[in-house]
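Quick notes on the structure that follows.
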Amino acid sequence: MIPKTRWAKTIDDAYIAYQDFGEGPVTLVVIHGWITHVEVLWEQPRCARFMRRLAERMRVLQFDKRGTGMSDRFARPPDLEARMDDVRAVMDTAGVERAAIFGWGDGGPPLAAFFAAAHPERTVALCIDPHIHLRRAHDYPFEVAEEEFEEWLSHLTTIWGDEVPIFDDPPDAEYVRWEAKMSRYGATPGSMLALSRMWFETDVRDILPTIRVPTLVLSTDASWAGAEPAAYVAERIPGARIASITGRDPFVDDDPEPFVSAIESFLASIRQEEAEFGSRPRDRDVHRHRRIHRKDRGAGRPRMAGLDRATPLDRSRASRPLPRRGDGHRRRRVLLDVRLTRQGHPMRARHQRGGEAAGGRRAMRRAHG
């Protein structure tokens, strides 16, 4: 039976379609990659097996990111803070104070990582695959160059919605038919292009050292890049663990057990550690899982343009639900806009003073997804 689809309203009045199913001591918010439709998803047996297996021992929230599926479309691609508010809105509407965040695929890991960095008090743990950036760079050789990416997008626009494989090595013909339907129901060709380019330009690598929640990086043995991307991400998140997974993709593999077991085991270890402390730790730096001394916390951390050392993220504001639009809201948006901009061109300037964007917004370059 397909879970009932509901809608959560964001601070900017967008409606985000989500589903709430399963039971367990931990709530897992699943941030799928790329294009989704939460109801069509259940028509693919492999996807359904994966989601049902997750829900056997956890409460699960999944949603269509804005611009896809049953969620509101947009006139222009939203900035990363707006996308982060989609997660917050779903959690608030579902009455979830704290959850583990699982991001996978193109766009899932960077959004999950950004939410964990901005809202540690609402994040039990972070589970991501290593696709943190989509664009190849001189210091990030794992993904594709812009020319290759644009060539692929050009090809996609000609076959979008057709029963033609989008990715290499689909498991069977039935999967290809379902993938075509997911494409038609998930996004228009224009939305697909805008979303794909948006994630290609999004780079959250510089915020990885600010994450202060237990983190698991899922590394599959079928990855064409091998184990290096997972090592790259884990080295930049304090205390992160790597789980080596036998498989390729939770929506492609016949057996979801390797992915689910790794997530369940990790979250069980976190619950046990928190139980030993008697209450959830307020400062993850002193949590045994982190194993980082205070004097070493800043070592090797990349500095963000326009931010001083006291504000890797302004947790006094970022840890609370977003306020109404006003002076406080503007200050917080400036803080995050300074940190996160698109490569090559600034994110949409919202704070105008005399026709110029306030603050020193800089491009935080994104490399993979």
Val60: over 27 Å from Thr188 (Cβ atoms) and in a loop (DSSP other than H, G, I, E, B), yes or no? no
Got a sec? Which of Phe277, Phe259 is of a type in the set (Phe, Trp, Tyr), touching a residue at least 12 places away in the same chain (Cβ under 8 Å) and within 23 Å of Ala99 (Cα to Cα)? Phe259
Within region 103-116, identify whether any single residue is of a type in the set (Gly, Ala, Ser) and assigned to a loop (DSSP other than H, G, I, E, B), and answer yes or no. yes
Failed condition for Ala227, given (1) among the aliphatic types (A, V, I, L, M); (2) surrounded by fewer than 19 Cβ atoms within 10 Å (Cβ to Cβ); (3) at pLDDT 95 or above, with all others met? (3)
It is to be established whether one or more residues within region 65-79 are under 15 Å from the mean Cα position of the chain (by Cα) and among the hydrophobic types (A, V, I, L, M, F, W, C). no
For region 203-224, name all the residues that are assigned to a loop (DSSP other than H, G, I, E, B), surrounded by fewer than 22 Cβ atoms within 10 Å (Cβ to Cβ) and either touching a helix residue (DSSP H, G or I) at 6+ places or on another chain (Cβ under 9 Å) or at positive phi (or both). Ser223
Can you find a residue that is touching a residue at least 60 places away in the same chain (Cβ under 8 Å) and surrounded by 14 or more Cβ atoms within 10 Å (Cβ to Cβ) anywhere in region 150-168? no
Residue under question is Phe200, and the condition is that it be at negative phi and outside any helix (DSSP H, G or I); does it hold? no
Only one of these conditions is not met by Glu174: (1) part of a loop (DSSP other than H, G, I, E, B); (2) exposed (fewer than 15 other Cβ atoms within 10 Å of the Cβ). Which number is it? (1)
Within region 39-57, the count of residues that are of a type in the set (A, V, I, L, M), part of a helix (DSSP H, G or I) and surrounded by 16 or more Cβ atoms within 10 Å (Cβ to Cβ) comes to 4
Which of (1) crowded, with 17+ Cβ neighbours inside 10 Å; (2) part of a helix (DSSP H, G or I); (3) in contact with a strand residue (DSSP E or B) (Cβ under 8 Å, 6 or more places away or on another chain) does Cys127 not meet, given it meets every other one? (2)
Please find, among Ala82, Ala17, Ala100, Ala89, the residue that is part of a helix (DSSP H, G or I), modelled with pLDDT of 95 or more and not charged (D, E, K, R). Ala89
Of (1) touching a residue at least 60 places away in the same chain (Cβ under 8 Å); (2) closer than 29 Å to Glu146 by Cα; (3) assigned to a helix (DSSP H, G or I), Leu193 satisfies all except one. Which? (1)
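The values are calculated or read from the model by the stated rules, or taken from the named source; none is laboratory data. Because the structure is predicted, anything quoted here is derived from the model rather than measured. Ideal geometry is used to build each Cβ from the backbone, glycine not excepted, and the neighbour counts take in all protein chains shown.
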